[in-house]
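Have a look at the structure below, then the notes.
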Amino acid sequence: RRALGLLAPGGRHLAYGWAATGFDERGAVDPREAARLAPGAVSRWVTGPALTESVGGPNPIRALEEEALSLAVEGTFRPLVTAFPLDGAARAHAALEGRATTGKVVLLPAGR
């Protein structure tokens, strides 16, 4: 909310990501409220299923998965992974809850 008040007319507010769906007491801002807090600015939510609208088709997530896997095989795409040893599962959960990870979180069995 404070950041929206800093936007000048014509400024841009973008809420982006799968985890950002919904409005809650932690401060997610409804687009109508964003318009009130930042008159003349543009507020756009690209969250949840809206992230895949441009892909289209009956199963857009699968289409994105296939493209990503194909690019990974070619070596032109390398997924972001944060790895923890299996016995570090508690640390992995704490890192996830603290939003201190990037990409997928993987637990590796001993010796890997």
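The values are calculated or read from the model by the stated rules, or taken from the named source; none is laboratory data. What you are looking at is a predicted structure, and each value in this text was computed from that prediction instead of being measured. Virtual Cβ from ideal backbone geometry, glycine too; neighbours counted across all protein chains shown. All accessible areas refer to the heavy atoms of the entire protein, side chains included, with ligands and DNA or RNA removed. Shrake-Rupley method; radii C 1.70, N 1.55, O 1.52, S 1.80 Å.
Taken over region 79-107, the residue count meeting the criterion of being more than 26 Å from Gly48 (Cβ to Cβ) and either out of contact with any Phe, Trp or Tyr (no Cβ under 7 Å at 6 or more places or on another chain) or among the polar types (S, T, N, Q) (or both) is 8.
Name the helices (runs of 4 or more DSSP H) wholly inside the chain in which the number of residues that are open to solvent by less than 60 Å² (accessible area, probe 1.4 Å), modelled with pLDDT of 90 or more and of a type in the set (Val, Ile, Thr) is 3 or more.
Hits in the chain: none.
The C-beta contact set for region 95-106 (first residue hydroxyl-bearing (Ser, Thr, Tyr), second residue open to solvent by 80 Å² or more (accessible area, probe 1.4 Å) and assigned to a strand (DSSP E or B), distance under 9 angstrom, 6+ apart or interchain) comprises Thr102/Val81.
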